[in-house]
1. Here is a check on your reading of the model: is GLN44 over 19 Å from ASN6 (Cα atoms), of a type in the set (S, T, N, Q), open to solvent by less than 20 Å² (accessible area, probe 1.4 Å) and modelled with pLDDT of 95 or more?
2. So how many residues does the stretch 47-62 have that are under 24 Å from THR4 (Cα atoms) and open to solvent by 80 Å² or more (accessible area, probe 1.4 Å)?
3. Any residue at all in the stretch 11-19 that is assigned to a loop (DSSP other than H, G, I, E, B), aliphatic (A, V, I, L, M) and surrounded by 14 or more Cβ atoms within 10 Å (Cβ to Cβ)?
4. Go through (1) within 17 Å of ILE74 (Cβ to Cβ); (2) in a loop (DSSP other than H, G, I, E, B); (3) not aliphatic (A, V, I, L, M) one by one and return the number of the condition SER24 breaks.
5. Inspect the stretch 22-29 for any residue being on the phi > 0 side of the Ramachandran plot, modelled with pLDDT of 95 or more and surrounded by fewer than 14 Cβ atoms within 10 Å (Cβ to Cβ) and give the result as yes or no.
6. List every residue pair whose Cβ atoms lie under 7 Å apart, where the two residues are 6 or more positions apart in sequence or sit on different chains, the first residue falls within the stretch 56-75 and is under 13 Å from LEU29 (Cβ atoms), and the second residue, located anywhere, is in a strand (DSSP E or B) and open to solvent by less than 60 Å² (accessible area, probe 1.4 Å).
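The values are calculated or read from the model by the stated rules, or taken from the named source; none is laboratory data. As the structure is a prediction and not an experimental result, all values here were calculated from the model. Here Cβ is always computed from backbone atoms with ideal geometry, including for glycine, and neighbour counts include all displayed protein chains. Heavy atoms of the whole protein, side chains included, go into the accessibility calculation; ligands, DNA and RNA do not. Shrake-Rupley method; radii C 1.70, N 1.55, O 1.52, S 1.80 Å.
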Amino acid sequence: ATITANRVWTLPASAGLTVGDVVSVKAALINAGLHIAITPAGSQTIDGDAGAIKMESSYGAVQLKYVAADTWMIF
């Protein structure tokens, strides 16, 4: 589907996750000036930051790995 408005996708809550779990996000066509914000849940961080990461490129992809309690890393 084409992304026609900004979207916010939240990572799974830490409860029930196991170190080594992976989340992959692949975008479809993203209209110019729009993005998908991937946000950590609760007190989680992504690469040490509590803020969102943004995908702005059509057909872009990102893979996040759960590496420790409340900690995701971009791969």
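1. Criteria met by GLN44.
2. So the first thing to find is which residues in the stretch 47-62 are under 24 Å from THR4 (Cα atoms), and the list is 51-62.
Checking the rest, the ones that are also open to solvent by 80 Å² or more (accessible area, probe 1.4 Å) come to 54, 56, 59.
Final tally of qualifying residues: 3.
3. For the stretch 11-19, residues assigned to a loop (DSSP other than H, G, I, E, B), aliphatic (A, V, I, L, M) and surrounded by 14 or more Cβ atoms within 10 Å (Cβ to Cβ): present.
4. (2)
5. no
6. GLU56/ILE30; SER57/ILE30; SER58/ILE30
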